[in-house]
Amino acid sequence: MGNDRDQIDSRPWFRIERAGSKLRLSMGGSWTVHHAAALDLELRSLEVGGASEAEIDGSRIDKLDSIGGWLLVRTKTGLTDDGVRIVAFSVPEIYAPLLATIESEHMVPPAIVEHPVTLTAFLERVGLATHTVQIQAVGILGYIGRITVKWFLTFRSPRRNFRLAATVHQIEEVGINALPIVGMLMFLIGIVLAYQGADQLKRWGAEILTVNALGVGVLRELGVLITAIIIAGRSGSAFTAQIGTMKVNEEIDAMRTMGLDVDDVLILPRVNGLVIALPFLVFYANVMALIGGAVMCYFDLGITVPVFVRQLREAITLDTFLVGMIKAPVFAYVIGMVGCYEGLNVERNAASVGRLTTRSVVESVFLVIVLDAGFSVIFSILGI
Amino acid sequence: MDGDGKEIVIRLRGVVTRIGDRLIHDHLDLDVHRGEIMAVVGGSGSGKSVLLRSIVGLMRPNGGSIEVLGRDVLGLDEEGMRALQMRWGVLFQDGALFSSQSVAENVQVPLREYTSMSQELMNEIAAMKLSMVGLGEDAATKHPSELSGGMRKRASLARALVLDPEIVFLDEPTSGLDPIGAANFDQLVRDLQKSLNLTVFMVTHDLDTLRATADRIAVLVNGRLKVGTIESLRNDRDPWIQEYFSGPRGRAALA
């Protein structure tokens with residue numbers, strides 16, 4: 001159903017007759033968009049064959065739309081360009097205005113510029129890429145410096161520059177609302193770690209050392225690292241998407257014209273909120289992972305909770321815990337700064353929001369892992 | 001066909017739309033004839049755009065029937081809807097061009113979707129359509145974000161017209177354009193309507209557009225439609241219609 005237009009369409013046709021130096025084209029049927037592809041191919045392969053005059057008779061066309069009209073006009077101008085004189089050109093009366101419009105709006109389609117593969121082009125690409133990197137580096141440095149200065153300025157005039165409500169809202173958003181997912185995942189990771197540790201250590205009769213491996217692994221490394229990665233995916237991406245969408249809607253520009261400082265209103269509350277919330281979140285994540293581990297130890301190895309706790313107290317010191325915790329605000333700072341920075345880089349189109357959100361997550365996860373490796377090096381030098 | 005022998009291309013009967021518990025459309029009836037320019041006016045939030053969106057199938061009214069080109073929009077299956085969609089074009093308020101594609105690619109989207117033309121022919125057709133709406137060849141390779149608001153509207157109109165639709169729907173075609181740009185756009189719509197024999201259904205605020213283009217006007221007040229020409233509506237008793245046509249702006253535009 002719905003194809004009644006097609007049903008009354010008759011097949012389009014055209015005939016070529018040659019008489020000496022005269023070329024006669026007669027056309028008929030439906031010259032519409034649905035038949036354009038086939039007509040296009042046939043008309044393109046039309047040979048002038050030494051003709052000097054041509055007659056185009058379209059009077060038997062019973063349906064013509066602007067695409068069919070274009071094919072007629074193109075054929076006509078094509079013949080003229082080949083030095084053929086058009087002695088007659090006719091279409092049914094009702095289509096004359098349409099054809100006149102098409103003819104007067106005739107435009108050469110833009111040529112597609114192909115980039116040649118040469119040494120100069122290669123050098124140009126290298127140069128452009130280098131220049132882009134330089135501009136980006138300057139941009140990032142400028143941004144970090146600007147936010148740092150703004151951060152200190154809030155101490156000078158907290159009444160004006162510190163946004164308490166926004167900061168608290170961000171703590172709720174990135175911290176409290178993340179409790180279920182972080183807790184669930186860390187509990188499961190505790191179970192997995194304990195199971196793997198128990199499986200290996202059982203062979204040496206050292207099942208009890210599972211607790212040591214679990215405690216040190218979670219508190220020093222895994223608790224903070226996995227929480228940071230979850231938060232980069234959950235909140236870093238949200239920062240970029242929120243700020244980016246505001247930029248697309250010109251909300252950022254509106255703020256600027258009203259004298260609101262975008263850094264104070266949007267960026268500092270997010271970065272501060274994350275820096276405050278992440279250490280608590282990491283602490284909670286550590287506890288959940290240890291609970292998961294304790295549950296697994298009980299069912300798999302028969303280590304009861306009092307034994308687990310006693311062994312844990314022997315295995316870890318306050319340093320073990322602090323080594324993990326000290327990373328949390330640093331990771332939070334990096335995730336928050338990257339998320340907001342990419343948000344501010346969004347251009348005014350929908351694709352750009354998606355692209356930069358992806359980039360923000362990839363960059364912050366990358367930086368978190370690089371920094372974690374850096375911390376390990378520093379701690380090993382310090383002998384902690 | 002109705003009594004005057006004119007073919008009806010859009011027929012609304014008893015259309016009811018509620019948003020929340022607010023009655024937006026209270027049993028609307030409307031006939032749009034082939035080849036005319038019908039303009040729907042009304043205050044902000046009166047449900048003009050909702051009406052347009054209901055007709056093109058983006059929203060479902062709570063009751064009533066909507067027929068476009070003899071087909072019941074509310075009862076069509078997917079394939080029937082697709083066949084109908086090829087026969088109309090829609091111009092959205094901000095153009096709604098796909099931002100990841102160049103203007104020429106935007107215009108070619110329906111061609112690529114519905115036909116099997118060569119890229120060369122599609123390029124030629126895009127160039128022709130763009131020049132019909134008054135855009136030069138330099139615009140074809142640009143991305144929508146590089147165009148001004150008026151150029152975006154023109155490019156979007158070119159996209160709406162590429163399959164030679166029988167009906168075009170225009171949502172606030174001249175909003176956001178300067179008066180000269182708006183007047184040019186009105187002229188463009190009028191010219192295209194004549195040369196392509198289009199039926200135009202537009203939603204607008206713009207009194208100048210009404211005077212310059214509309215054959216008939218439907219005023220949406222308090223959920224009801226009043227249909228007439230500018231002259232007949234100016235004599236209507238309704239206070240909103242009085243204010244609209246006889247307020248300072250109305251008098252200036254219609255003088």
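The values are calculated or read from the model by the stated rules, or taken from the named source; none is laboratory data. Worth saying up front: this structure is predicted, and the values here are computed from it rather than measured. We place every Cβ from the backbone using ideal geometry, glycine too, and count neighbours over all the protein chains shown. The accessibility values were calculated without ligands, DNA or RNA, using every heavy atom of the protein model including side chains. Shrake-Rupley method; radii C 1.70, N 1.55, O 1.52, S 1.80 Å.
Only one entry in B:Leu188, B:Leu161, B:Leu157 is within 17 Å of A:Gly69 (Cβ to Cβ) and not hydroxyl-bearing (Ser, Thr, Tyr), namely B:Leu161. With respect to (1) more than 29 Å from the chain's Cα centre (by Cα); (2) open to solvent by 50 Å² or more (accessible area, probe 1.4 Å), the lone exception for A:Leu260 is condition (1). Pairs are defined by a Cβ separation below 6 Å, a sequence spacing of at least 6 or placement on different chains, a first member in the range A:28-48 that is touching a residue at least 40 places away in the same chain (Cβ under 8 Å), and a second member that is assigned to a helix (DSSP H, G or I); the pairs so defined are A:Trp31/A:Gly68. Applying the criterion of being in contact with an Asp or Glu (Cβ under 9 Å, 6 or more places away or on another chain) and at the interface with chain A (Cβ under 7 Å from one of its Cβ atoms) to the residues of the range B:127-139, the residue that is surrounded by the fewest Cβ atoms within 10 Å (Cβ to Cβ) is B:Ser131. Report yes if A:Val334 is more than 14 Å from every other protein chain (Cβ to nearest Cβ), without any contact (Cβ under 8 Å) to a residue 40 or more places away in the chain and buried (at least 16 other Cβ atoms within 10 Å of the Cβ), otherwise no. So A:Val334 passes the test.
Within the range B:69-80, the residues that satisfy the criterion of being open to solvent by 30 Å² or more (accessible area, probe 1.4 Å) and not in a strand (DSSP E or B) are B:Gly70, B:Leu74, B:Gly75, B:Leu76, B:Asp77, B:Glu78, B:Glu79. The set of residues in the range B:123-153 that are touching a Lys or Arg at 6+ places or on another chain (Cβ under 9 Å), farther than 16 Å from A:Val73 by Cβ and in a helix (DSSP H, G or I) comprises B:Ala139, B:Pro144, B:Ser145, B:Met151. Is it fair to say A:Lys76 is basic (Lys, Arg), open to solvent by less than 70 Å² (accessible area, probe 1.4 Å) and under 21 Å from B:Arg87 (Cβ atoms)? It is false that A:Lys76 is basic (Lys, Arg), open to solvent by less than 70 Å² (accessible area, probe 1.4 Å) and under 21 Å from B:Arg87 (Cβ atoms). For the range A:124-175, the set of residues classified as part of a helix (DSSP H, G or I), surrounded by 14 or more Cβ atoms within 10 Å (Cβ to Cβ) and among the basic types (Lys, Arg) consists of A:Lys150 only.
Of all the criteria given as (1) closer than 26 Å to A:Val334 by Cβ; (2) not in a helix (DSSP H, G or I), the one not satisfied by A:Gly190 is (2).
Look through the range A:346-370, keep the residues that are in a loop (DSSP other than H, G, I, E, B) and in contact with a helix residue (DSSP H, G or I) (Cβ under 6 Å, 6 or more places away or on another chain), and return whichever of them is least open to solvent (accessible area, probe 1.4 Å). If you could, list the steps in order and put the result at the bottom.
Filtering the range A:346-370 for residues in a loop (DSSP other than H, G, I, E, B) gives A:346-349.
Then drop every residue that is not in contact with a helix residue (DSSP H, G or I) (Cβ under 6 Å, 6 or more places away or on another chain), which leaves A:346, A:348-349.
Numbers: A:Val346: 5, A:Arg348: 139, A:Asn349: 22 Å².
Looking at the filtered set, the residue picked out is A:Val346.
For the range B:101-121, give me each residue that is open to solvent by 10 Å² or more (accessible area, probe 1.4 Å) and in a helix (DSSP H, G or I). First the steps, then the outcome.
Start the filter on the range B:101-121 by keeping residues that are open to solvent by 10 Å² or more (accessible area, probe 1.4 Å), which leaves B:101-102, B:104-105, B:109-110, B:112-120.
Correct list: B:Ala104, B:Glu105, B:Val109, B:Pro110, B:Arg112, B:Glu113, B:Tyr114, B:Gln119, B:Glu120.
Within the span defined as the range B:140-154, one or more residues are among the hydroxyl-bearing types (Ser, Thr, Tyr) and within 12 Å of another protein chain (Cβ to nearest Cβ). Out of B:Phe98, B:Phe201, B:Phe169, one residue alone is of a type in the set (Phe, Trp, Tyr), facing chain A (nearest Cβ under 10 Å) and either open to solvent by 10 Å² or more (accessible area, probe 1.4 Å) or closer than 30 Å to B:Val221 by Cβ (or both). It is B:Phe98. Restricting to the range B:211-255, and then to whatever is exposed (fewer than 15 other Cβ atoms within 10 Å of the Cβ) and of a type in the set (Ser, Thr, Tyr), can you tell me which residue is farthest from the chain's Cα centre (by Cα)? The extreme case among them is B:Ser246.
Can you say whether A:Ala373 is of a type outside the set (Val, Ile, Thr) and open to solvent by 60 Å² or more (accessible area, probe 1.4 Å), as far as the supplied structure shows?
Details: of a type outside the set (Val, Ile, Thr): yes; open to solvent by 60 Å² or more (accessible area, probe 1.4 Å): no.
For A:Ala373, the condition - of a type outside the set (Val, Ile, Thr) and open to solvent by 60 Å² or more (accessible area, probe 1.4 Å) - is not met.
Within the range B:114-123, the presence of at least one residue that is within 17 Å of A:Ala37 (Cα to Cα), within 12 Å of chain A (Cβ to nearest Cβ) and touching a residue at least 24 places away in the same chain (Cβ under 8 Å) is confirmed.
Could we say that B:Lys142 is crowded, with 23+ Cβ neighbours inside 10 Å, modelled with pLDDT of 80 or more and either out of contact with any His (no Cβ under 6 Å at 6 or more places or on another chain) or not acidic (Asp, Glu) (or both) here? No, not satisfied.
Residues are listed down the side, and each one gets a yes or a no for (1) within 15 Å of B:Phe201 (Cα to Cα); (2) within 14 Å of chain A (Cβ to nearest Cβ); (3) open to solvent by 20 Å² or more (accessible area, probe 1.4 Å); (4) part of a helix (DSSP H, G or I):
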site: B:Met38; (1), (2), (3), (4): yes, no, no, no
site: B:Gly45; (1), (2), (3), (4): no, no, yes, no
site: B:Leu51; (1), (2), (3), (4): yes, no, no, yes
site: B:Ser54; (1), (2), (3), (4): yes, no, no, yes
site: B:Glu67; (1), (2), (3), (4): yes, yes, yes, no
site: B:Ala83; (1), (2), (3), (4): no, yes, no, yes
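From the set of residues in the range A:54-71 that are under 11 Å from A:Ser26 (Cα atoms) and among the aliphatic types (A, V, I, L, M), which is nearest to the other protein chains (Cβ to nearest Cβ)?
Taking the range A:54-71 as the starting set, the residues that turn out to be under 11 Å from A:Ser26 (Cα atoms) are A:54-61.
In the following step, the residues that additionally are among the aliphatic types (A, V, I, L, M) were identified as A:54, A:56, A:61.
Details: A:Ala54: 20, A:Ile56: 18, A:Ile61: 15 Å.
Ranking the qualifying residues of the range A:54-71, first place goes to A:Ile61.
If you take the residues of the range A:22-51 that are at pLDDT 80 or above and more than 14 Å from every other protein chain (Cβ to nearest Cβ), which of them is farthest from B:Ser118 (Cα to Cα)? Going through the qualifying residues, I end up with A:Lys22.
Testing B:Gly95 on (1) more than 30 Å from B:Gly136 (Cα to Cα); (2) of a type outside the set (Val, Ile, Thr); (3) within 16 Å of the chain's Cα centre (by Cα), one condition comes back false. Which one is that? Among (1) more than 30 Å from B:Gly136 (Cα to Cα); (2) of a type outside the set (Val, Ile, Thr); (3) within 16 Å of the chain's Cα centre (by Cα), B:Gly95 violates only (1). In the range B:83-99, the residues that are in contact (Cβ under 8 Å) with a residue 60 or more places away in the chain and over 20 Å from B:Glu172 (Cβ atoms) reach residues that are part of a helix (DSSP H, G or I) and open to solvent by 40 Å² or more (accessible area, probe 1.4 Å) with C-beta atoms within less than 8 angstrom, at least six apart or across chains, in these pairs: B:Met86/B:Tyr114; B:Arg87/A:Arg5.
Among residues of the range B:158-181 that are farther than 19 Å from B:Phe98 by Cβ, those with a beta-carbon under 6 Å from a residue that is among the basic types (Lys, Arg) and modelled with pLDDT of 80 or more at least six positions away or on a different chain give the pairs B:Glu166/B:Arg87.
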